[in-house]
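The block underneath contains the structure these notes are about, expressed in structure tokens.
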Amino acid sequence: MEKAAEETDGKKTDVAVKGQAALKPQFLTTKDKFHGFVDSEWQGSKGEKASDDDKAEETKEEASAEEPETKKVKLDPEEGHKGGKRMRGQNKSRPHTKPTAYDEKRLCQSVIQNRECHFGDKCHFHHSVADYLSTKPPDIGESCYLYDTFGKCTYGLCCRFAKAHTTPDFKTMENAELIKANEGRTAVRNNLSKDLQNRLRKRSVAFKKSAEYLKTLSNNKDKRDQQGNGNVRAAEVSADAAENEQPASTEAEKQASPEKQAPVKTVGPLTDVDVIKLRQCEKKQVDFNDKLYLAPLTTCGNLPFRRVCKRFGADITCGEMAMCTNLLQGQQSEWALLKRHESEDVFGVQVEGCFPDTMTRCAELINNNTDVDFVDINSGCPIDLVYKKGGGCGLMTRTRKFEQIIKGMNYVLDVPLTVKIRTGVQEKSNIAHKLIPEFKKWDVSMITLHGRSREQRYTKLADWDYITTCSKLASPVPLFGNGDILSYEDAMKARETGVSGIMIARGALIKPWIFTEIKESRHWDISSSERLDILRDFSNFGLEHWGSDTRGVEKTRTFMLEWLSFMCRYIPVGLLERVPQKINERPPYYMGRNYLETLMASQNVGDWVRISEMLLGPVPKNFIFLPKHKANAYK
């Protein structure tokens, strides 16, 4: 590929290199010229005062976070494999510093809330405002988003925009009109209460419906054991036959499969069983047809990012993948993934697990304590940590466990249950078409199919022909297609396959305005200033979600940098020789139509940090960042 690029530079600059996006020749440049221009302009704009900081930052970048190398057409056996394993698209050994490390000693909450400290002399935080202000980093800006939006900032003097709402005698101001306007408003739902967290930790939460279902599973197991009076193999065969041909007519099984024989007659007086139970048709219904679905994205699919996508027209949103065991243990960080903003009108949560007991209890917990429109089972996660214990993609090969999980969750849920799967585990062995007819029997409300196997990851194009076949098999159950959609033309081709809707993942990370493009059937040549405004909205939403103190600012910055590692792959429409941009084509080095557009095209971590500094102020000392994901999707 590099050789081809050299020949292109030497002979014909308008010939596209294999695996590289085709740009208009006047915008193309070399790596050295690109970085030389970006660095010189940045140093000039910051002035002489910041030159020492820039030099230190450049040294830090060279040592810890260099620009990724250009992808080769074929991996060299020695470089591409380590210990017989193929390299994956993750920076597993990346340096990671928690945002809490940048806030050395905070001001005690008792001082902010003007009350007596419960810990007295044992408290490790500052109680003297003067001492705290002497160590606090300088303010970032003159206006505070939280104060301007809600009329008060709960972070008080700890806020990095404290000048906007602090009096000369260090008192926090409030805007009575705005406070009254926001009175009674609940912007974010599904928070974990302290009471529920304590009960989960003490294991005192009752799971009545789950216990009913799990009891039927144990009864079925006992029956199979009794039938197996021969050798072990004969016992397994008889158990399979008993499950497939003569299912037990228990209450839990009947609820999941109402069309099967039932001891309770459907004609006659109304019984308690009829009153208590919800049939599948009586559950809360969600119209999934012809919707744009923002995929549940690990790390980047946080609440502030989903708010940005909702503004651009996403119809369905879903929280990041949550581990069912962590939810059952009451882990605050895992419950944060279930939070729902008021702008998310159709919202679901995605859970991952590999055993019927934990998944059923988790579904009942979510059903009783959160406000969601649907619950999604993740059976497509490819990462080793999940797959090796039987979760994610591993569920696709464990059909009996998968059936028990789906039926159990359906039994305890009052909302639809959906499933997200891949084509299969092995690259050349698709199994999704075998599972989809079973999903219909198990009363799954919607299926999402990612057109790649676990082994493929993102190295090859999604198989939309196979998605077409599966969508016909799934009918009348809605099936959403997912994979390689980066423009409205890609979306139109996807809709022609007969899918009920489209799920967008990386396309939304690269350009969140893709939802607007699809709905308006156009290519949006968005300007660099408009893209910076999108990032500014994200930073404001992040400060509202994670806080406007030092910890909140640095957490917002970290998630923004993770997002920028995808957003830098976007090529402005006005620069392309051929429209639209394809998701698997690597952007070449190019000069944008202004400095900001050029800076946003950089794949150097240091340049992403510079963009974050425009919105969130300078980074702390010893700041190091390396994205969680590598660009592993180019040809």
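Listing for the model above:
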item: Only Lys, Arg (+1) and Asp, Glu (-1) charged, at Cβ; segment 162-205 dipole about Cα centre in debye; result: 540
item: Evaluated at q = 0.18, 0.21, 0.27 Å⁻¹: base-10 log I(q)/I(0), Debye formula over Cα of segment 101-140; result: -0.51, -0.68, -0.99
item: Rounded, prolate or oblate (a/c below 1.5 giving rounded, otherwise prolate when a/b exceeds b/c) for segment 530-578 by Cα gyration tensor; result: prolate
item: Zero-based 10 Å bins, Cα pair distances in segment 327-400, whole percents; result: 18, 47, 30, 5
item: Span per principal axis, largest first, for the Cα atoms of segment 497-553 (Å); result: 48, 27, 15
item: Using θ = phi - 60° and Karplus 6.51 cos²θ - 1.76 cosθ + 1.60, couplings along segment 163-169 (whole Hz; Gly, Pro as x); result: 4, 6, 9, 10, 7, x, 9
item: Scattering curve values for segment 306-460, log₁₀ I(q)/I(0), Debye with Cα scatterers, q = 0.09, 0.13, 0.20 Å⁻¹; result: -0.27, -0.58, -1.31
item: Share of carbon and sulfur in the accessible heavy-atom surface of segment 98-198 [1.4 Å probe, %]; result: 51
item: Reciprocal of mean inverse Cα separation for segment 464-609 (Kirkwood radius, Å); result: 17.0
item: Protein accessible area in segment 432-497, 1.4 Å probe - carbon and sulfur %; result: 52
item: Scattering profile of segment 560-626 at q = 0.12, 0.21, 0.26 Å⁻¹ [log10 I(q)/I(0), Debye over alpha-carbon scatterers]; result: -0.35, -0.90, -1.22
item: Loop-located GluC sites (Glu not before Pro) in segment 131-212 whose Cβ has at most 16 other Cβ within 10 Å (DSSP); result: 142, 174, 183
item: Segments 618-627, 334-343, 442-451 sorted - mean Cβ within 10 Å per residue, highest first; result: 442-451, 334-343, 618-627
item: Overall dimensions of segment 125-188 as given by Cα atoms, namely Rg and Dmax in Å; result: 12.9, 37
item: Entries of 284/420; 202/420; 163/339 with Cα pairs more than 24 Å apart; result: 202/420; 163/339
item: Portion, in percent, of the accessible area of segment 522-635 that falls on carbon or sulfur, probe 1.4 Å; result: 51
item: Relative contact order (%) - segment 470-552, alpha-carbon pairs under 8 angstrom, separation at least six; result: 24
item: Flagged links, alpha-carbon separation over 26 Å, of 441/511; 209/440; 33/621; result: 441/511; 33/621
item: Residue-normalised accessible area of segment 464-572, expressed per residue, 1.4 Å probe, Å²; result: 29
item: Long-range HN-HN contacts of residue 298 with modeled amide H, under 5 Å; result: 321
item: Listed pairs 460/582; 152/310; 388/460 exceeding 21 Å between Cα atoms; result: 152/310; 388/460
item: Solvent-accessible area per residue for segment 391-447 (1.4 angstrom probe, square angstrom); result: 29
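The values are calculated or read from the model by the stated rules, or taken from the named source; none is laboratory data. Predicted, not measured: the structure shown is a model, and the values here were computed from it. With ideal geometry, Cβ positions are generated from the backbone for all residues, glycine too; neighbour counts draw on all protein chains shown. Note: areas computed on protein heavy atoms with side chains; ligands, DNA, RNA excluded. Shrake-Rupley method; radii C 1.70, N 1.55, O 1.52, S 1.80 Å.
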